[in-house]
Amino acid sequence: METRALHPPAEVGADLDHVDTPALLLDLDAFERNLDRLHATLAGLPVRVRPHAKSHKCPEIALRQVARGAIGVCCQKVSEAEALVAGGIPDVTIVNEVVGAAKLARLAALAREARVGVAVDDFQNVNDVDTAAADARVILDVLVEVDVGLNRCGVEPGQAAAALACRVAEKSHLRFAGLQAYQGRAQHVRSYDDRRLAAAAAADKVQATLDHLSRAGLHAATVTGGGTGTYLFDARSSVYNEVQPGSYVFMDADYAQNLDQEGHVVRTFEQSLFVLTTVMSHPTRSRAVVDAGLKAHSVDSGMPLVAAVPGARHTRASDEHGVIELAGPGDLSLGQKIRLIPGHCDPTVNLHDWFVCFRGERVEAVWPITARGAFY
C-alpha cells in the first residue's frame, strides 16, 4: 500500500524550522518514553499487551511496540490489518465486525500471511465468516464481542454471549478465541473514581459471561479490552488478560483532561504528537491565522491546544485555516511556526501521510502512515 503524497514535508537531518507545514510531528524522546512506561506500569500483572493500531496506522510504530513486548496489534478494519501485515506484523486482531463477502474474502486471505482474528456479534455473521475461511482453507480466530456498556456493537453479556460462542465453537474453520470487551465510554470519564467504577462495571459483565461460558464447557483463552484511560483498572481486574491501549503513544488534548486519584491531570504518558503550523496571517494584534485547518487536525473532541505560547487559544477552524486569539501583542509573528496539540489524536493521524519524527530540533526520520485512509 503506497502513501498518497509523493514528497514528505521534511528531509532527514533538517532543522524543524525547515519542515513545511502543516506537518504531523512526532517527538521521538517522548514517544519512546511512552512505549517504555506502558510496560513498566504493567510489570508483574498477568496481562498481554496488544496495542490498538488505529491510533497510528503505521507499521514502523507497530514494530517498535512489538519489539518492546506487545504480542501483536489490533485494528478496526481489514485494510488496516492488510497494511500492518504487509509492514511486517505477524499477529493482528480486528476487534470489530467484518460484514460482506468481499471484505470477508480479504480477511480470510490475510490469514494465509499472518495470524488473524476477528470479532463477531451475530449468528449469521458467524456463518459467513466460517464460509469465507473454508473457501480460503484457513482457520480464523474469533472473539465474541460483548457489550459491556459502550452501547455500540456487541451481544448482551451472559447467556446471549455464551450462545454465540457455542455457535463459533461448532464451526470447522473457526476457533473460539475468547471475548472482545471494550468499554470505550469509560476511557474519557474525567474523575478517577468514576472511571474506575465504569471499568469495574464492565469487568462484572465480562465475569458473568465467563461464568456462562464455563457452564457451556467453553474456555475464553483471551479476554481483551482496556484503552489508554482504563487499561490499568482492567489489567488489575483479574478478568482481562489482554489490554488494547492505543492513544498512549501520542496523547491529545482530550486525554489531558483525565484526572488521577489526587484530582491532578494524569501524567503517566507525555504529549508526543503535534501538528506543526505556520502563522499565515496576523490581521489584528489579538488574532493570528495559521495554515492548519480541518484538513490537518480533527476537532471532534474540541479545538487543539496551542503549545508553548502562553495565553494563546485556538478558537475556530475552517478547511485550511485555524484562528488563534492572543493574550497580547507580540505573542506571534507572521511566518512563525508553532505546534498544536490535537484534540483527538486518532482521526488527526488519518489526515496525514507522514510522521515527521524529531529529536531535539532536528528531523531524525520520516515514517509513512501506511494505513492512512484504510477504513474499508
Flagged in region 223-280 as part of a strand (DSSP E or B), polar (S, T, N, Q) and more than 23 Å from L25 (Cβ to Cβ), in numbering order, are T224
Does G328 satisfy the condition of being in a loop (DSSP other than H, G, I, E, B), in contact with a Leu (Cβ under 8 Å, 6 or more places away or on another chain) and at pLDDT below 95? no
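In the set G149, G184, G217, which member is touching a residue at least 24 places away in the same chain (Cβ under 8 Å) and either surrounded by 19 or more Cβ atoms within 10 Å (Cβ to Cβ) or over 19 Å from T93 (Cα atoms) (or both)?
Working: G184 fails: either surrounded by 19 or more Cβ atoms within 10 Å (Cβ to Cβ) or over 19 Å from T93 (Cα atoms) (or both); G217 fails: touching a residue at least 24 places away in the same chain (Cβ under 8 Å).
Selected residue: G149, the only one of G149, G184, G217 that is touching a residue at least 24 places away in the same chain (Cβ under 8 Å) and either surrounded by 19 or more Cβ atoms within 10 Å (Cβ to Cβ) or over 19 Å from T93 (Cα atoms) (or both).
Working carefully through the options L38, L25, find the one that is among the aliphatic types (A, V, I, L, M) and either more than 23 Å from G184 (Cα to Cα) or assigned to a loop (DSSP other than H, G, I, E, B) (or both). Show your work before the answer.
Numbers: L38 fails: either more than 23 Å from G184 (Cα to Cα) or assigned to a loop (DSSP other than H, G, I, E, B) (or both).
Every option except L25 fails the conditions.
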I need a count of the residues in region 66-79 that are touching a Ser or Thr at 6+ places or on another chain (Cβ under 9 Å) and not in a strand (DSSP E or B). 1
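Can we say A365 is modelled with pLDDT of 95 or more, under 30 Å from A81 (Cβ atoms), surrounded by fewer than 19 Cβ atoms within 10 Å (Cβ to Cβ) and of a type in the set (A, V, I, L, M)?
yes
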Among the residues of region 80-96, write down those that are surrounded by fewer than 18 Cβ atoms within 10 Å (Cβ to Cβ) and either in contact (Cβ under 8 Å) with a residue 40 or more places away in the chain or in a helix (DSSP H, G or I) (or both). A86
Which number in (1) crowded, with 18+ Cβ neighbours inside 10 Å; (2) without any contact (Cβ under 8 Å) to a residue 40 or more places away in the chain marks the one condition that V47 misses? (2)
Name the residues in region 165-174 that are farther than 14 Å from G154 by Cβ, outside any loop (DSSP other than H, G, I, E, B) and touching a residue at least 24 places away in the same chain (Cβ under 8 Å), would you? C166, R167, V168, A169, L174
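Of these, D135, D91, which one is more than 21 Å from the chain's Cα centre (by Cα) and among the acidic types (D, E)?
Numbers: D91 fails: more than 21 Å from the chain's Cα centre (by Cα).
Exactly one residue qualifies, and that residue is D135.
Results for (1) part of a loop (DSSP other than H, G, I, E, B); (2) of a type outside the set (S, T, N, Q); (3) within 16 Å of the chain's Cα centre (by Cα), shown as yes or no for each residue.
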residue: G293; (1), (2), (3): yes, yes, no
residue: S301; (1), (2), (3): yes, no, yes
residue: T315; (1), (2), (3): no, no, no
residue: E320; (1), (2), (3): yes, yes, no
residue: T348; (1), (2), (3): no, no, yes
residue: V363; (1), (2), (3): no, yes, no
residue: F375; (1), (2), (3): yes, yes, yes
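Of all residues in region 65-82, which are among the small types (G, A, S) and out of contact with any Lys or Arg (no Cβ under 7 Å at 6 or more places or on another chain)?
If the condition is that a residue be among the small types (G, A, S) and out of contact with any Lys or Arg (no Cβ under 7 Å at 6 or more places or on another chain), then A67, G69, S79, A81 are the ones that fit.
Residues of region 130-146 being of a type in the set (D, E), closer than 17 Å to A101 by Cα and buried (at least 24 other Cβ atoms within 10 Å of the Cβ), which ones? Steps first, please.
Initial filter on region 130-146 (of a type in the set (D, E)): 130, 135, 141, 145.
The next check asks that each one be closer than 17 Å to A101 by Cα; those that pass are 130, 135.
Once the filter is applied, which keeps residues that are of a type in the set (D, E), closer than 17 Å to A101 by Cα and buried (at least 24 other Cβ atoms within 10 Å of the Cβ), region 130-146 yields nothing.
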Look through M303, M280 and report the one residue that is surrounded by 13 or more Cβ atoms within 10 Å (Cβ to Cβ) and closer than 17 Å to T21 by Cβ. M280
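Given the structure, is R106 farther than 23 Å from T222 by Cα, over 21 Å from the mean Cα position of the chain (by Cα) and not small (G, A, S)? So that I can check it myself, show each step before the final result.
Details: farther than 23 Å from T222 by Cα: yes; over 21 Å from the mean Cα position of the chain (by Cα): yes; not small (G, A, S): yes.
Yes; evaluated as a whole, the condition is true for this residue.
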Among the listed residues A102, A177, which satisfies the condition of being assigned to a strand (DSSP E or B) and surrounded by fewer than 24 Cβ atoms within 10 Å (Cβ to Cβ)? A177
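The values are calculated or read from the model by the stated rules, or taken from the named source; none is laboratory data. Owing to the predicted nature of the structure, the values given are computational and were not obtained by experimental measurement. For neighbour counting, all protein chains shown are included, and Cβ atoms are generated from backbone atoms with ideal geometry for every residue, glycine included.
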